[in-house]
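What follows is a set of notes on a single structure, which appears directly below.
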Amino acid sequence: MPYKKSPSRDHTNHFHANAKPLVGVIMGSSSDWETLEPAAKTLSELGIPHETKVVSAHRTPDLLFEYASGAEARGIEVIIAGAGGAAHLPGMTASKTVVPVLGVPVESKVLKGLDSLLSIAQMPGGIPVGTLAVGKSGAINSALLAAAILGIKYPAIRESLRKFREAQTNRVLEAPDPSAPAQFKKNAGGRRASKSRKSS
Ligand code: RP5
């Protein structure tokens, strides 16, 4: 689908470093950052402009309303919301915007994230939250799913996602034998480690 070039992209259609964020990564507490950081890293790897912020449904409810209701006007096109325990953040955020919200359940200490998962996934009909796996896998996948959503509109993001998938596939195909010592396996760049060259 043809799309209008915006000043945030250069001639290669990649986003400038100072481009306005397309994805908002929010979390209920700074203690959630360890879980959500892989989401931010994956977005960076894919070249997707994003912002990160602590927005607590319980401790800063007014900020949550302000963030969610203003996101669309600020140009945010996907929100990734991570929270743990009685995790209201993703659902409440979704209730205040039509921007798609992807929920990442953070692994809680007492119930190991089952509480977070059910709080985020079991939304009553009418306000959806796209719920990912508990923990860092869910965080990484939230970024990849955000890329797939944005890829409908931005061809550069779709191509970044395609390259990510290809690289992932190649890493598996290049190291098919799990019993092989690590130094004999090819690294991501397809080069053998110097130690393995000596011993082969
Ligand atoms: C939730 O409570 C947060 O999302 C976090 O996962 C959990 C614990 O928060 P802290 O007590 O570590 O700030 O709101």
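Among Lys20/Lys112; Lys136/Lys163; Lys112/Lys153; Lys53/Lys163, which pairs are too far apart, with a Cα-Cα distance over 26 Å?
In this structure, Lys20/Lys112; Lys112/Lys153; Lys53/Lys163 exceed 26 Å between Cα atoms.
Give me the log10 of I(q) over I(0) for segment 72-130 at q = 0.17, 0.24, 0.25, 0.26 Å⁻¹, as the Debye formula computes it from C-alpha points; what are the numbers?
-0.50, -0.86, -0.91, -0.96
Work out, step by step, the length gained on full extension between Ala167 and Val110: first 0.36 nm times the residue separation, then minus their alpha carbon distance; give nm to one decimal.
16.8 nm
Running Debye on segment 91-183 with equal point scatterers at the Cα sites and no solvent, what base-10 log of I(q)/I(0) appears at q = 0.11, 0.12, 0.19 Å⁻¹?
-0.47, -0.55, -0.95
Given segment 114-168, report the % of alpha carbon pairs whose separation exceeds 19 Å.
Pairs farther apart than 19 Å: 42 percent.
Of all the Cα-Cα pairs you can form in segment 1-151, what percent are over 24 Å apart?
Looking at segment 1-151, the distances longer than 24 Å represent 27 percent of pairs.
Hey, with R₀ at 25 Å, roughly what FRET efficiency would Arg158 and Leu118 work out to, going by the Cβ-Cβ distance, to 0.05?
Here the calculated transfer efficiency is 0.15.
Throughout, read-outs are computed from the coordinates displayed, never taken from laboratory work. The shown structure was predicted, so the numbers you read here are calculated from the model rather than taken from an experiment. Counting neighbours? That spans all protein chains shown, and the Cβs are built from the backbone with ideal geometry, glycine included.
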